Amino acid sequence: MNRTQIFTILSLIILTGFLTFVTSNPALIVFLVIAIIFGLDLSSDELYENIEKLTGKKPGLIYGLTLFSFLTSFDEIAVSGASIGVGYYGISIGTMIGSVVVTLVIFLIVLKSSRTKIENRYFPFLMIVPIYILFLILLDKSGSLAILLLTFSVVIASFFTFYYLGSHERGEKTPENIEKGVLSRKILLELVFFIFCILIFSVYLSKGTGILGAYLHIQDISSGYIIPGVLGSIPEIVVIRSSIKKKDSSSVAGIITGSTVIKGGILLPLLIYAFSYTPSYTDLVASGSLIVLLITIALIFY
């Protein structure tokens, strides 16, 4: 497709996607969600291409950790915030847990099927979330002070992840831009447009999944886990697929590490502490997620 066709298709999806706010017809919502997913895939591919033009190299770890990981986590953050706003904090927590689990599981499948590998140095950072859930279960009856200390420790460790990996990348030599005059106004405007597309499509996807959840009568933490948690992982996967297609393992590692740490190492602990969610080992959402996460992360690196 040429640029005109790409902009036309994305603009049409932006216009039609707004119907998620004015209809509750499940068949139409399913059709819109499919179109929105296609729009996410196309806009993430183009965003990737423009960053490569602007920098003269593949996006790499820094963009994966920051720009891509935030953009691909935006829809879950939107669902989480909206759920709290209407009083359903359980859906908010379920969305965060479900998204982390589903994203890592699908990431494992994509990684193995494409025969792509990421460095072992990312292992301890992906382990932040399962370690947090494990301690949360063990501290179930230990009181609010212990939970506060756990929350503080996990959030600090998560921010350290961005600092440590970011400083490592900044220490590497940056190749000179291969294109002269590439920082043109046109390319910058295109970059902003594709970022806007990812953000607006994420909002549409959040709204669509909320409608489907209500239609299926799924409530509370399980609703957030199953509906937004599953479909909310799509942006990460399509952007990761773009990076794998371009043989950019640094971006792949940055996206999966960044989105996992943002959702599971920062937002999840803050939500759990704020709403006093204290799971026990009999809690299938928490204990089941812990087991799946441990197995999945082990298989990602081995």
Subject >> Residues of segment 266-302 satisfying the condition of being assigned to a helix (DSSP H, G or I), under 19 Å from residue 144 (Cα atoms) and open to solvent by less than 10 Å² (accessible area, probe 1.4 Å) >> reply: 268, 269, 272, 286
**OP:** Check 142, 202 and return the single one that is at pLDDT below 80, among the hydroxyl-bearing types (Ser, Thr, Tyr) and under 20 Å from residue 35 (Cα atoms).
**Re:** 202
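Listed here are the residues, each with its yes/no results for (1) in contact with a strand residue (DSSP E or B) (Cβ under 6 Å, 6 or more places away or on another chain); (2) at pLDDT 85 or above; (3) among the small types (Gly, Ala, Ser); (4) under 26 Å from residue 63 (Cβ atoms).
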| residue | (1), (2), (3), (4) |
| --- | --- |
| 225 | no, no, no, no |
| 234 | no, no, no, yes |
| 241 | no, no, no, yes |
| 251 | no, no, yes, yes |
| 254 | no, no, yes, yes |
| 267 | no, yes, no, yes |
| 294 | no, yes, no, no |
| 298 | no, yes, yes, no |
Original post:
List pairs: first in segment 89-107 and farther than 12 Å from residue 275 by Cβ, second modelled with pLDDT of 85 or more and open to solvent by 30 Å² or more (accessible area, probe 1.4 Å), Cβ under 7 Å, 6+ apart or cross-chain?
Top reply: 101/292; 105/292
Original post:
Just to be sure, is residue 185 under 27 Å from residue 256 (Cβ atoms), at pLDDT below 80 and surrounded by fewer than 15 Cβ atoms within 10 Å (Cβ to Cβ)?
Top reply: no
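The values are calculated or read from the model by the stated rules, or taken from the named source; none is laboratory data. Here the structure is a predicted model, which is why all the values come from computation and not from measurement. Reconstructed Cβ throughout: ideal geometry from the backbone, glycine too, with neighbour counts over all protein chains shown. We work out accessible area using only protein heavy atoms, side chains counted, and drop any ligands, DNA or RNA first. Shrake-Rupley method; radii C 1.70, N 1.55, O 1.52, S 1.80 Å.
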